[in-house]
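Take a look at the structure set out below.
None of the figures in this text is laboratory data; all of them are computed from the coordinates on show. These numbers were taken from a predicted model, which means no experiment stands behind them. Cβ placement follows ideal geometry from the backbone for every residue including glycine, while neighbour counts extend to all protein chains displayed.
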Amino acid sequence: MKLFGLLGFPLKRSASPALMNSLFSAVKQDAVYLSLPTPPPNFLALIKTMHSQGFQGANITVPYKRKVLRALDFISQEARAIGAVNVLAWRGGRVEGHNTDADGFLSALKNEKIDPKGRRALVLGAGGAARAVIFALLSAGARGVFVSARRLAQAAAVGRQFVPLFPGHFAAPLPWDRDALGGVLKEVSLVINATPIGMGAGPGSCPPLPFERLGPGHWVFDLVYDPPDTRLLMRAHRRGARVVNGASMLAYQAAKSLDIWFGKGLGEQALLLWKPWVRAAARRAGRNSR
Ligand code: NAP
C-alpha cells in the first residue's frame, strides 16, 4: 500500500484527507492519505523518518511551508523562487520539494475568469501561501502587489524577494491597519486573504479592512475554505464585491500534487470527482450576507 500524508499543526479543519481518500478508493488505488498533525519540535525529525516508514509523498501546510525547505534534497525551480513548498515526493532515496499552490491559485482565478494581467492586488499575509499567490500574480502579468502583514518586516522581506524576479512590477509592504489598507483599496481590483483569519467553525474573525471602501469593482478571494462563507467574504459580498473562497484552489493544488506523485492523469480524474464538493462550497461563499 502507498502511503501519503498531510503535515501541519494544528490540522483539525483540513478537507485534504477526505478528498484524497475518496479519490484513492474511487480509482481503486492501493493508497491511503493520513492526517499527521505534527507539533513543531517533531516536524523535521518526522520528515527524515517518513520514507523508511513507507511514505511516498506528503503535503505540507500551516505553519511549515517555509520551515520544510531545510529538510529537502531537491527543490523545484518554482518552489525555490516562491520560497515555500507544499508537496513532498520521495524518489530514488531523495526527498523533493515542489509548490502547487501558485498553479492552484491561478487555476482558481481562471475558473472565475479573472485575468491578473495589468491588475494591482492587495495580499493579506506574508507566509508560504502569500508568497505562492504573489509569485502567481506577478508571473501572470499583474502590475504589482501590496503585501500587508502584522509583522511589517516580513511583508518587506517578501517585497525584497520578488522585486528582482519581476523587474518593472512592484511588491510593496503595507502596515497591517485599517487606514493603510483603506488607502490602497481604490488602487487594487483584487484582495486576497492568505492568512488563517476566519478559519474554523462559525463566522470567525476578519482582517481589518475598511469594508465601506469595497465595491463591485473588487474581487475578494479568501484562501480559507472552511467555513465556505467566511466573515471576510460575507462583509465583502454585502458591499457588492465579487467573492471566491479557497475550495477550488484546494482542489486544483491537490490535483497537481497527484500528478507529481502518480504522473499526469490522476489529477484530472480527481477534479472531476471533487467537482460537486467545490461547487457546493463556491455556492456558499458570501451566502450568509444575503
Ligand atoms: P503561514 O505560512 O503560517 O502564514 C500565515 C500568514 O498569516 C503569516 O504572515 C502570519 O503572520 C499571518 N497570520 C496568522 N495569523 C494571523 C492573525 N491572527 N492576524 C494577522 N496575521 C496572521 O500559513 P500559509 O501556509 O501561508 O497559509 C495561510 C492560510 O491559507 C491558511 O489558512 C491555509 O489553510 C490557507 N491556504 C489555503 C490553500 C487552499 O488551497 N485553499 C492553500 C494554501 C493555504 P505571522 O508570521 O506573524 O504569524
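Looking at the square roots a ≥ b ≥ c of the eigenvalues of the Cα gyration tensor of region 1-151, which shape do they give, rounded for a/c under 1.5, prolate if a/b is larger than b/c, or oblate?
prolate
Is the shape of region 14-60 best called rounded, prolate or oblate, per the rule: a/c under 1.5 gives rounded, else a/b larger than b/c gives prolate, else oblate, with a ≥ b ≥ c the square roots of the Cα gyration tensor eigenvalues?
oblate
Hey, can you rank 94-107, 229-242, 266-279 by average C-beta count inside 10 Å, highest first?
94-107, 229-242, 266-279
Suppose every K and R has +1 on its Cβ and every D and E has -1 on its Cβ; what is the size of the dipole of region 245-288 about the Cα centre, in Debye to the nearest 20?
Dipole magnitude for region 245-288 comes out near 280 debye.
Rounded, prolate or oblate: pick one for the chain, where a ≥ b ≥ c are the square roots of the eigenvalues of its C-alpha gyration tensor, a/c under 1.5 means rounded, and failing that, prolate if a/b is larger than b/c, else oblate.
prolate
Rounded to whole Hz and in sequence order, give me ³J(HN,Hα) for region 35-47 from the Karplus expression 6.51 cos²θ - 1.76 cosθ + 1.60, θ = phi - 60°, writing x for Gly and Pro.
7, 10, x, 10, x, x, x, 9, 4, 5, 5, 4, 4
Starting from the amide H of Trp176, placed 1.01 Å from N in the peptide plane, find each other amide H under 5 Å away whose residue is 5 or more places distant or on another chain.
HN-HN under 5 Å from Trp176: Ala149.
What does the charge dipole of the chain about its Cα centre add up to, to the nearest 20 debye, if the Cβ of each Lys and Arg holds +1 and the Cβ of each Asp and Glu holds -1?
460 debye
Can you tell me, using C-alpha contacts under 8 Å and at least 6 residues apart, the relative contact order of region 152-208 as a whole percent?
Across region 152-208, relative contact order equals 25 percent.
Specify the angular offset, from 0 to 90 degrees and rounded to the nearest 10, of the alpha carbon long axis of helix 152-162 from the longest principal axis of the alpha carbons in the chain.
Taking Cα atoms only, the helix is inclined about 70 degrees.
Got the relative contact order for region 81-141 handy, in percent, Cα pairs under 8 Å and 6 or more residues apart?
39 percent
Could you tell me what percent of the DSSP beta bridges with both partners in the chain are antiparallel, to the nearest 5?
Just about 20 percent of them are antiparallel.
Which cross-chain or sequence-distant (5 or more) residues have an amide H under 5 Å from the amide H of Thr230, H modelled 1.01 Å from N in plane?
Under 5 Å from the amide H of Thr230: Gly286.
Once every DSSP H run of n ≥ 4 in the chain is given -39500 (n - 2.57) and the sum is divided by its residues, what mean residue ellipticity at 222 nm do you get, rounded to the nearest 500 deg cm²/dmol?
After summing the helix terms and dividing by residue count, I get -11500 deg cm²/dmol.
Each residue of region 175-189 in order: what ³J(HN,Hα) in whole Hz does its phi give by Karplus 6.51 cos²θ - 1.76 cosθ + 1.60, θ = phi - 60°, with x for Gly and Pro?
Rounded to whole hertz, the list is x, 8, 8, 3, 5, 5, 5, x, x, 9, 4, 6, 8, 10, 10.
Could you state the number of Å between the C-alpha centres of region 1-51 and region 186-231?
If you average the Cα positions of each part, the centres end up 28 Å apart.
Hey, what angle do you get for helix 128-139 against the long axis of the chain, alpha-carbon based, 0 to 90 degrees rounded to 10?
Approximately 70 degrees, to the nearest 10.
Taking only Cα atoms, what is the 0 to 90° angle, nearest 10, from helix 16-26's long axis to the longest principal axis of the chain?
Value to nearest ten degrees: 50.
Provide the per-residue ³J(HN,Hα) series for region 78-92, in order, calculated from phi with Karplus coefficients 6.51, -1.76, 1.60 and θ = phi - 60°, each as a whole number of Hz, with x at glycine and proline positions.
5, 4, 5, 5, 6, x, 7, 10, 10, 9, 10, 9, 9, 9, x
Contact order normalised by length for the chain, with contacts defined as Cα pairs under 8 Å and 6 or more residues apart; what percent is it?
13 percent
Give the long-range amide H neighbours of Gly5: residues separated by 5 or more places, or on another chain, with amide H under 5 Å away, using H modelled in the peptide plane at 1.01 Å from N.
Leu34, Gly57, Ala58, Asn59
Can you count the Lys pairs in region 1-159 whose Cα atoms are under 26 Å apart, with each pair 8 or more apart or on different chains?
11
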